[in-house]
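Below is one structure, written out as structure tokens; comments come after it.
The values are calculated or read from the model by the stated rules, or taken from the named source; none is laboratory data. Only a predicted model underlies this, so the values are computations on that prediction, with no experimental measurement involved. Every residue, glycine among them, receives a Cβ derived from its backbone with ideal geometry; neighbour counts consider all protein chains shown. Just so you know, the surface numbers come from the protein's heavy atoms only, side chains and all, with ligands and any DNA or RNA stripped out. Shrake-Rupley method; radii C 1.70, N 1.55, O 1.52, S 1.80 Å.
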Amino acid sequence: ELKVEQNPLFLSMQEGKNYTIYCNYSTTSDRLYWYRQDPGKSLESLFVLLSNGAVKQEGRLMASLDTKARLSTLHITAAVHDLSATYFCAGLSSNTGKLIFGQGTTLQVKP
Amino acid sequence: DTAVSQTPKYLVTQMGNDKSIKCEQNLGHDTMYWYKQDSKKFLKIMFSYNNKELIINETVPNRFSPKSPDKAHLNLHINSLELGDSAVYFCASSQGQYSGANVLTFGAGSRLTVL
């Protein structure tokens, strides 16, 4: 069955710095999603990546997908405190239709 | 205006009790889900319904029983609650499993605490 692993699981960074969160998945996945969750809140959809080489950007966040490497990345540019949250990637299993989530990466941006 | 609404938001109860969580979506979506988020933030799918039909039924204790009276509603009933059932339960909906991007829209979550 599809397994999704993120790293790092926790990331503390200074404002203004760049960093990348990695999401590896084990088998073929039709689609790859990124979600954001603020403490005590719901999950908010950020990106959906549908094909190899897909790149999407919103503000300081950019997501990409490499289906051959079974890898998606979420790149943060010039981090600001408002980006502090937990970020989840999730893959849609081709076999079962289930959306399988990674463990989440908790990002803490310090002033 | 809320797209996916769950009630109650908080639930505190004793072991052995039975409780229900209700979910409604006004997005016109065909598919609804229940996810469980544990204390380590791990999210795991429990059930999924498409047009009132159960399509995903993960290995969860049979004390958990979902019910979908229509495609806009998916309720979760839990019998004989145990300490390990304490978690946040998220309802979600999407256009359809294999429809377009199939982005899930999540509700605000229902935090269940079993004492």
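The listed residues B:Thr59, A:Thr96, A:Thr20, once ranked by accessible area (1.4 Å probe) with the largest placed first, stand as B:Thr59, A:Thr96, A:Thr20. Annotation: for a label point projected 7 angstrom from Cα along Cα→Cβ of B:Tyr10, residues of segment A:32-52 with backbone N closer than 15 Å are A:40-41.
Annotation: amide H-H contacts under 5 Å for A:Arg31 (H modelled 1.01 Å from N, sequence separation of 5 or more, or interchain): A:Leu92.
Could you give the alpha-carbon Rg of segment A:4-110 over 2.2 N^0.38 Å, rounded to two decimals? Don't jump to the answer; show the numbers that get you there.
On the way: Rg = 13.1 Å, N = 107, 2.2 N^0.38 = 13.0 Å.
That works out to 1.01 for segment A:4-110.
Computed 3J(HN,Hα) for segment B:27-39, one whole-Hz value per residue from the Karplus formula 6.51 cos²θ - 1.76 cosθ + 1.60 where θ = phi - 60°, is 8, x, 6, 8, 10, 10, 9, 10, 10, 10, 10, 7, 5, glycine and proline marked x.
To the nearest 20 debye, what is the magnitude of the charge dipole of chain B about its Cα centre, counting +1 on the Cβ of each Lys and Arg and -1 on the Cβ of each Asp and Glu?
Details: 12 positive and 10 negative charges, 48 e Å.
Value, rounded to 20: 220 debye.
Excluding A:Thr96 itself, what net charge comes from residues whose Cβ is under 15 Å from its Cβ, given Lys and Arg +1 and Asp and Glu -1?
Values: positive: A:Lys3, A:Arg31, A:Lys98, B:Lys44; negative: A:Glu1, A:Asp30, B:Glu58.
Neighbour charge sum, excluding A:Thr96 itself: +1.
If you rank B:Phe42, A:Phe47, A:Phe10 by how much accessible surface each has, with a 1.4 Å probe, what is the order from largest down? Write down the numbers at each step before the final one.
On the way: B:Phe42 85, A:Phe47 10, A:Phe10 115 Å².
Most to least solvent-accessible, the answer reads A:Phe10, B:Phe42, A:Phe47.
Need one number: % antiparallel among DSSP beta bridges in chain A, to the nearest 5. Walk me through the numbers on the way to the answer.
Numbers: 39 of 44 bridges.
Percentage antiparallel, nearest 5: 90.
In terms of distances greater than 27 angstrom between alpha carbons, the cross-link table entries A:Lys110/B:Lys40; A:Lys3/B:Lys36; A:Lys98/B:Lys71; A:Lys56/B:Lys22; A:Lys17/B:Lys44 yield A:Lys56/B:Lys22; A:Lys17/B:Lys44. Summing Lys and Arg as +1 and Asp and Glu as -1 over all other residues whose Cβ lies under 10 Å from the Cβ of B:Gly109 gives a net charge of +3. Taking 0.36 nm per residue of separation and subtracting the Cα-Cα distance, full extension of the segment from B:Asn51 to B:Arg63 would add 2.0 nm.
By a 1.4 Å probe calculation restricted to protein chains, A:His75 has an accessible surface near 50 Å², given to the nearest 10. When a/c is below 1.5 the answer is rounded, else prolate if a/b is larger than b/c, else oblate, so apply that to the protein assembly as shown with a ≥ b ≥ c taken from the square roots of the Cα gyration tensor eigenvalues. Since a/c reaches 1.5 and a/b is larger than b/c, the shape of the protein assembly as shown is classed as prolate. Here the average projected area of the convex hull drawn through the C-alpha atoms of segment B:4-114 stands at 6.3 nm². Under the convention that each Lys and Arg Cβ holds +1 and each Asp and Glu Cβ holds -1, the size of the dipole of chain A around its Cα centre is about 100 debye.
Couplings for segment B:51-65, taken from phi via the Karplus curve 6.51 cos²θ - 1.76 cosθ + 1.60 with θ = phi - 60°, read 6, 6, 9, 5, 10, 10, 9, 6, 6, 10, x, 6, 5, 9, 9 Hz in order; Gly and Pro are left as x.
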